[in-house]
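Heads up: the structure comes next, in structure tokens.
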Amino acid sequence: MTAHAFPAHRGVMFYRGLGHVFPVYRGIMFYRCLDCDAEHGTEDLLYTCPCCGGVLLLEDRRFPELKKKGGAYWRDLFDSRAAAKRPALRGIFRFYEITAPVLEEEDILYLGEGNTPLIEASPALRSLVGRAFAYKNDGQNPSASFKDRGMACAFSYLRAAARQRGWDEVLTVCASTGDTSAAAALYAAYAGGPITSAVLLPQGKVTPQQLSQPLGSGARVLELPGVFDDCMKVVEFLAARYRVALLNSKNSWRILGQESYAFEVAQALDWRVDKVCVFVPVGNAGNITAVLHGFLKLHELGVIDALPRIFGVQSQHADPVYRYYAAPAGEREFRPVQVTASVAQAAMIGNPVSFPRVKALAERYRAVAGERAFQVLRVAEQAIMDGMLSANRHGHTVCTQGGECLAGLRAAVAAGLVDEDESAVLDSTAHALKFMDFQNLYFDDAFPPEYGVKADQALVNAPELLLSPEERKGLDESAFVRESALRIARRLGLTETTGGKC
Ligand SMILES: *Cc1c(COP(=O)(O)O)cnc(C)c1O
Ligand SMILES: [Zn+2]
């Protein structure tokens, strides 16, 4: 079924507003190997370079033609498209021409992803941190994490491929720290038809909420003892030998979709990002790859005239990318690390598959905007939890990885890395509710020692029982109401009202 089946959208076809027609532009997409520079066609779904095994990124051979239109043209087009009523253009494909301009409208799968709000830090939180900043709430995506951006693109590509080639069976697989599987299972469940989903999880290393998601979407949920890195090796082995569609971020179509995060940040700031520092948690490094690539594209098109600065943030318990960049330039060597328990569990990865992409793009980024334009910070588990809870006490809804970003901003301010006239955008990559068990552990001050997190009582909160079940037993309805209200008034120090009686 296509979006056209809805009568409400049929009328839109007659509206000729700039942003409301489906784009006619079609690019020529190809995979580029970041190691050997080889180019490969997109007839097959590739994860690594057939020549050298290197990682790939998707590019459009016609991109130079897009540049000729000038930045103002694209800003106007993307701005007008923000009001588009066609479902296919309401999410990440607002930026169709610079995303995957080979997909037809009927193939685009839109479940409400993208276009997430950028919420300024409350004045109190801002003064606590010492810089102006905002959270981009990517937890407000359909499966409650940014992974939906990439899945919308990857599944749209799969639907196009299945339609064009008459595939009658497409089994998607992924390894996951929780959110990739939630997103993959959701999009597969909606797409239906030839597309089905199996997900591989490290047993006990995803939150109960994350586990409930692929189960509820009807995916095959497979578990192994170990950590994410183990599961990743298994699905890579599987993808090399069997006919499956790998949905990890090795799949470059996912990176393309996730670039929309950068496009939306720039657009929300009216395309002026020169004094902006963007903080991103780094796990498998797909997200930061997409953010770097996305901003580079906007800059090349002239849509933005300066690049924002990018700060990757890692936990001390999973810090291979930090370690790489902390070494002096001549002595850098990438070494995977053995991860230990981390509250930023969605980023608890010791051997990020996208590291070579980050390395290549960071070089390009720094060549344009200088050394300070790309940095990686490391923060303590304690700072991550304190960051999450402080943000949420000030009206935000951030996950532990969002807390990691705040910890990163605080560390950067303390180290003098963020100027006073700069502001920051922090990625809350998932919804707070997915990570409530960590909040509970904190409030109960019951973290297992390997986390190294102690409760700061100023951040702890707990429910207060007003009346025990035994106390309630002896009371009739009106006595119960009176007694309960009295106890509330006493606890909260309420003053009795006088007057107002008729
Ligand atoms: C996947 C994920 C990350 C890490 O992103 P990478 O692309 O793996 O670096 C961070 N936070 C959340 C909530 C995630 O789901
Ligand atoms: Zn290659």
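The values are calculated or read from the model by the stated rules, or taken from the named source; none is laboratory data. All of these numbers come straight from a predicted model, not from anything done at the bench. When we count neighbours, we look across all protein chains shown, and the Cβ atoms used for this are built from the backbone with ideal geometry, even at glycine. Keep in mind that these areas ignore ligands, DNA and RNA; they rest on the heavy atoms of the full protein, side chains included. Shrake-Rupley method; radii C 1.70, N 1.55, O 1.52, S 1.80 Å.
For the stretch 25-76, a residue qualifies if it is more than 20 Å from E97 (Cβ to Cβ) and either assigned to a helix (DSSP H, G or I) or more than 16 Å from ligand 2 (Cβ to nearest atom) (or both), and the qualifying residues are E43, L45. For the stretch 302-319, a residue qualifies if it is surrounded by fewer than 20 Cβ atoms within 10 Å (Cβ to Cβ) and more than 22 Å from A424 (Cβ to Cβ), and exactly one does: G302. Checking each residue of the stretch 343-351 against the condition of being in the same structural domain as Q314 (by TED's automatic domain parsing), in contact with a Leu (Cβ under 9 Å, 6 or more places away or on another chain) and more than 19 Å from G452 (Cα to Cα) gives no match.
Of the residues K454, K434, the single one that is modelled with pLDDT of 95 or more, open to solvent by 100 Å² or more (accessible area, probe 1.4 Å), touching a helix residue (DSSP H, G or I) at 6+ places or on another chain (Cβ under 8 Å) and not polar (S, T, N, Q) is K454. If you go through the stretch 142-169 and keep only what is open to solvent by less than 10 Å² (accessible area, probe 1.4 Å) and either part of a loop (DSSP other than H, G, I, E, B) or acidic (D, E) (or both), you end up with S143, D148. Any residue at all in the stretch 51-73 that is under 24 Å from L186 (Cα atoms) and not aliphatic (A, V, I, L, M)? No: the stretch 51-73 contains no residue that is under 24 Å from L186 (Cα atoms) and not aliphatic (A, V, I, L, M).
Could you check, for the stretch 416-426, whether at least one of its residues is in contact (Cβ under 8 Å) with a residue 60 or more places away in the chain, under 24 Å from Y261 (Cα atoms) and in a helix (DSSP H, G or I)? No, the stretch 416-426 contains no residue that is in contact (Cβ under 8 Å) with a residue 60 or more places away in the chain, under 24 Å from Y261 (Cα atoms) and in a helix (DSSP H, G or I). Filtering the stretch 360-388 to residues that are open to solvent by 20 Å² or more (accessible area, probe 1.4 Å), in a helix (DSSP H, G or I) and touching a residue at least 40 places away in the same chain (Cβ under 8 Å) leaves A360, R364, V368, A369, R372, Q382, D386. Taken over the stretch 275-297, the criterion of being surrounded by fewer than 24 Cβ atoms within 10 Å (Cβ to Cβ) and farther than 19 Å from A154 by Cβ is satisfied by K275, V276, L296. Restricting attention to the stretch 216-244, which residues are of a type in the set (A, V, I, L, M) and in contact (Cβ under 8 Å) with a residue 12 or more places away in the chain? Answer for the stretch 216-244, where residues must be of a type in the set (A, V, I, L, M) and in contact (Cβ under 8 Å) with a residue 12 or more places away in the chain: A219, V221, L222, L224, V227, M232, V234, V235, L238, A239, V244.
From the set of residues in the stretch 47-82 that are within 23 Å of the chain's Cα centre (by Cα) and surrounded by fewer than 17 Cβ atoms within 10 Å (Cβ to Cβ), which is farthest from ligand 1 (Cβ to nearest atom)? Only one residue fits best here, namely D79. For the stretch 112-136, filtering for residues that are charged (D, E, K, R) and over 13 Å from the mean Cα position of the chain (by Cα) leaves 3. Residues in the stretch 258-273 that are open to solvent by less than 10 Å² (accessible area, probe 1.4 Å) and outside any helix (DSSP H, G or I): E259, V273.
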